[in-house]
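What follows is a single structure, written as structure tokens, with notes after it.
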């Protein structure tokens with residue numbers, strides 16, 4: 001009896017330690033300065049610049065990810081071809097890649113002295129340390145999150161629905177837009193939210209490939225790092241902002257039901273949510 | 001006149017689907033066990049599977065011709081396909097599902113299939129029978145040249161099945177279209193189709209009307225698929241021009257069919273009568289033994305005596321006071337039997 005209680009107590013203790021450890025830094029950000037003070041710091045030039053750079057780069061990166069990633073995921077998910085599993089693994093590789101490796105890789109590919117540097121030079125384009133570089137870095141680290149989820153969502157689609165669409169006179173394009181996209185929509189949205197969350201917080205690849213120039217390539221994460229020695233209150237305010245944004249994204253993902261059902265092949269979850 | 005002509009060869013996972021078939025303006029049933037390749041035939045006609053060799057033509061229009069490198073995509077084939085679980089689009093209403101087929105006369109179609117009152121409903125809210133009507137309405141809204149039905153009744157529970165089957169029968173009778181129907185249930189095929197074929201492991205075993213398939217099954221598999229009892233034995237010419245079949249247990253049965261060597265005697269349950277005592281009637285064949293099982297189905301009962309199943313009315317069961325374990329005599333006429341060759345690749 002006592003042993004059993006002891007064990008339960010040990011479990012509870014472990015849970016409390018884990019929770020406190022995970023939450024304490026987040027709470028600390030908000031406790032270091034009063035909320036009014038934090039909010040005021042967001043009005044500073046460096047904060048506004050960072051917000052603008054981050055938003056701009058992420059909106060463009062997300063657009064690129066959705067426009068290119070969605071058809072690519074559909075192809076990988078629904079068209080059997082040799083080496084499919086290998087391709088899916090390749091897509092997932094950047095997920096586990098250290099950000100510094102992504103940064104040096106981008107430099108090696110697109111930098112002035114990189115693989116495609118001469119080509120860009122000829123075209124009069126220089127990518128390194130520009131906003132284009134921020135967009136590329138964000139796209140590179142964030143897109144696998146979307147691709148992975150999009151492939152899973154399309155795979156979960158009942159093939160009979162796509163076949164039915166074809167026999168009803170719809171070509172492959174109409175089938176994609178009218179049947180596959182709407183039915184995979186919830187899963188795609190969850191994937192986009194995840195990749196957006198990853199993109200907003202991007203640090204390592206960006207600082208290596210794009211640098212940290214205020215108003216040009218300095219994103220929120222980079223500004224927090226830069227302000228650490230200059231004005232800790234600005235760093236805290238930007239940190240608080242990112243905590244709130246991240247929490248909002250997490251909530252969005254949790255509320256999207258398809259996120260938890262992306263592995264299901266049943267029609268009914270889609271049907272139920274579609275009719276609500 | 002034949003309107004749908006198939007002659008193709010298509011490798012599937014464990015065997016090759018190979019068949020030649022001509023279907024006129026009739027309902028033609030492909031029956032067979034699951035995994036026999038029935039659905040693959042429909043998918044090949046619809047353009048969802050590409051045969052390796054051969055030709056598929058509809059009303060003289062070539063849909064597929066391997067030699068001429070013609071392979072029309074599904075959307076250009078003018079086929080109506082009703083999928084096994086109906087494959088209704090869950091994010092669309094009934095009306096949107098029907099309109100998706102691209103014709104504007106959706107109101108008329110909804111009315112004809114008695115689903116006008118469900119126009120704004122989603123598929124998830126419909127009963128099995130209603131879903132089937134929507135699936136049919138959607139497939140026919142495009143005015144296809146052929147209707148393909150994949151196990152149209154298997155998604156329904158036994159309760160609604162008979163009603164929906166009768167409804168489907170009425171509809172198919174009114175259609176002036178070739179209909180290719182796939183089912184693993186011979187009873188469904190017998191009700192719905194004017195002709196049928198038995199497909200086993202990718203090959204057609206026999207083609208005929210349901211009555212022909214029942215009356216003269218070409219082999220043991222077809223016979224058992226039609227619901228016949230199969231008793232294995234060895235046949236030789238006996239007295240009076242009858243064939244004498246010695247069963248594996250030593251008992252002897254008689255058939256009017258001529259055969260020699262290893263055979264199966266096929267006899268349908270409804271040809272078997274059950275009595276308490278051996279009777280002096282015209283039946284030559286008698287099997288005596290205890291009733292091993294007695295199952296009631298609606299107004300009939302299936303009575304098993306040894307390897308033989310007889311079907312008798314519930315009234316007879318009561319009159320004779322039949323119970324499991326009691327000794328009875330199961331009898332059938334030599335004229336009610338068919339002798340079918342036992343083939344090594346036959347499965348039960």
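Roughly speaking, what is the centre-to-centre gap between region B:227-275 and region B:307-331 when only Cα atoms are used, to the nearest Å?
21 Å
With n ≥ 4 as the cut-off for DSSP H runs, can you work out [θ] at 222 nm for chain A, using -39500 (n - 2.57) per run divided by the number of residues, rounded to the nearest 500? Mind dumping the intermediate values first?
Working: 15 runs with 214 residues, N = 276.
One gets -25000 deg cm²/dmol as the mean residue ellipticity at 222 nm.
Suppose only helical runs count, i.e. DSSP H with n ≥ 4. What mean residue ellipticity at 222 nm does that imply for chain B under -39500 (n - 2.57) per run, divided by all residues and rounded to the nearest 500 deg cm²/dmol? Please list the in-between numbers first.
Working: 9 runs with 80 residues, N = 348.
So the calculated ellipticity at 222 nm is -6500 deg cm²/dmol.
If you average the sequence gap of Cα pairs under 8 Å that are 6 or more apart and divide by the length of chain B, what percent do you get for the contact order?
On the way: 743 pairs, mean separation 53.6, N = 348.
Relative contact order of chain B: 15 percent.
Count, for each residue of A:169-180, the Cβ atoms from other chains sitting within 10 Å of its Cβ, then give me the mean as a whole number.
Details: counts 13, 5, 4, 3, 0, 3, 2, 0, 0, 5, 5, 0.
Per residue, the number of nearby Cβ atoms from other chains is 3 on average.
Could you tell me the calculated FRET efficiency between residue B:314 and residue B:251, based on Cβ-Cβ distance and R0 = 30 angstrom, to the nearest 0.05?
Details: r = 29 Å, r/R0 = 0.97.
The calculated FRET efficiency here is 0.55.
Can you tell me the order of A:238-248, A:160-170 when each peptide is scored by its average per-residue count of other Cβ atoms within 10 angstrom, highest first? Walk me through the numbers on the way to the answer.
Values: A:238-248: 17.2, A:160-170: 22.9.
Final packing ranking: A:160-170, A:238-248.
What does the highest-first list of B:271-277, B:306-312 look like by mean Cβ count within 10 Å? Show your work: numbers first, answer last.
Details: B:271-277: 16.9, B:306-312: 19.6.
Descending packing order for the listed peptides: B:306-312, B:271-277.
Give the relative contact order (percent, whole number) for region B:56-161; include only Cα pairs under 8 Å separated by 6+ residues. Let's see the in-between values first.
Working: 140 pairs, mean separation 39.7, N = 106.
Once normalised by length, the contact order is 37 percent.
For residue A:45 paired with residue B:61, estimate the spin-label separation in nm (one decimal), with each label point 7 Å from Cα along the Cα-to-Cβ line.
7.2 nm
Ranked from highest to lowest mean number of other Cβ atoms within 10 Å per residue, what is the order of the peptides B:166-173, A:144-151? Display every interim value, and only then the final one.
Values: B:166-173: 15.4, A:144-151: 25.0.
Final packing ranking: A:144-151, B:166-173.
Computed FRET efficiency, Cβ-Cβ of residue A:213 and residue A:159, R0 45 Å: what is it to the nearest 0.05? Kindly include the intermediate steps, with their values, before the conclusion.
Values: r = 50 Å, r/R0 = 1.11.
After rounding, the FRET efficiency stands at 0.35.
Taking beta carbons within 10 Å but only from partner chains, what does the mean come to for residues B:67-78?
Across the residues of B:67-78, the mean count of other-chain Cβ atoms within 10 Å is 3.
No solvent, one uniform scatterer per C-alpha: report log10 I(q)/I(0) for chain A via the Debye equation at q = 0.11 1/Å, two decimals.
After summing over all Cα pairs, the log10 values are -0.79.
Rounded if a/c is under 1.5, else prolate if a/b is larger than b/c, else oblate: which is region B:1-151, with a ≥ b ≥ c the root eigenvalues of its Cα gyration tensor?
On the way: a/c = 2.25, a/b = 1.77, b/c = 1.27.
It comes out prolate by the Cα gyration axes.
Label residue B:323 and residue B:258 with points 7 Å out from Cα along Cα→Cβ: what is the distance between them in nm?
Between residue B:323 and residue B:258, the simple spin-label model gives 5.0 nm.
Residue by residue through B:90-97, how many Cβ atoms from other chains fall within 10 Å of the Cβ on average?
Values: counts 15, 12, 5, 2, 0, 0, 1, 2.
Across the residues of B:90-97, the mean count of other-chain Cβ atoms within 10 Å is 5.
Indicate the gyration tensor shape class of chain B (rounded, prolate or oblate), computed on the Cα atoms with a ≥ b ≥ c the square roots of the eigenvalues: a/c under 1.5 is rounded; otherwise a/b larger than b/c is prolate and the rest oblate.
Details: a/c = 3.01, a/b = 1.68, b/c = 1.79.
It comes out oblate by the Cα gyration axes.
Region A:67-109 to region B:157-214: how many Å between their Cα centroids?
First find each Cα centre; the distance between them is then 49 Å.
Kirkwood Rh over Cα pairs of the protein assembly as shown into Stokes-Einstein at 37 °C, 0.692 mPa s: D in µm²/s?
Details: Rh = 30.5 Å.
It comes out at roughly 108 µm²/s.
On a 0 to 90 degree scale, rounded to 10, what angle separates helix B:158-174 from the longest Cα axis of chain B?
Tilt relative to chain B: about 60 degrees.
Counting alpha carbon pairs within less than 8 Å and at least 6 residues apart, what relative contact order, in whole percent, applies to chain A?
Working: 313 pairs, mean separation 76.7, N = 276.
It comes to 28 percent, rounded to a whole number.
Can you compute the equivalent ellipsoid semi-axes for region A:178-237, i.e. the square root of 5 times each eigenvalue of the Cα gyration tensor, sorted largest first and rounded to whole Å? Intermediate values should be presented prior to the final figure.
Working: eigenvalues 232, 33, 12 Å².
The answer is 34, 13, 8 Å, longest axis first.
Percent antiparallel among DSSP beta bridges with both residues in the protein assembly as shown, to the nearest 5?
On the way: 67 of 84 bridges.
Of those bridges, close to 80 percent are antiparallel.
Readers should treat all values here as calculations from the given coordinates under stated rules, not as data from a laboratory. On a predicted model such as this, the values are computed, not experimentally measured, just so you know. Note that each Cβ is placed from the backbone with ideal geometry, even for glycine, and that neighbours are counted across all protein chains shown.
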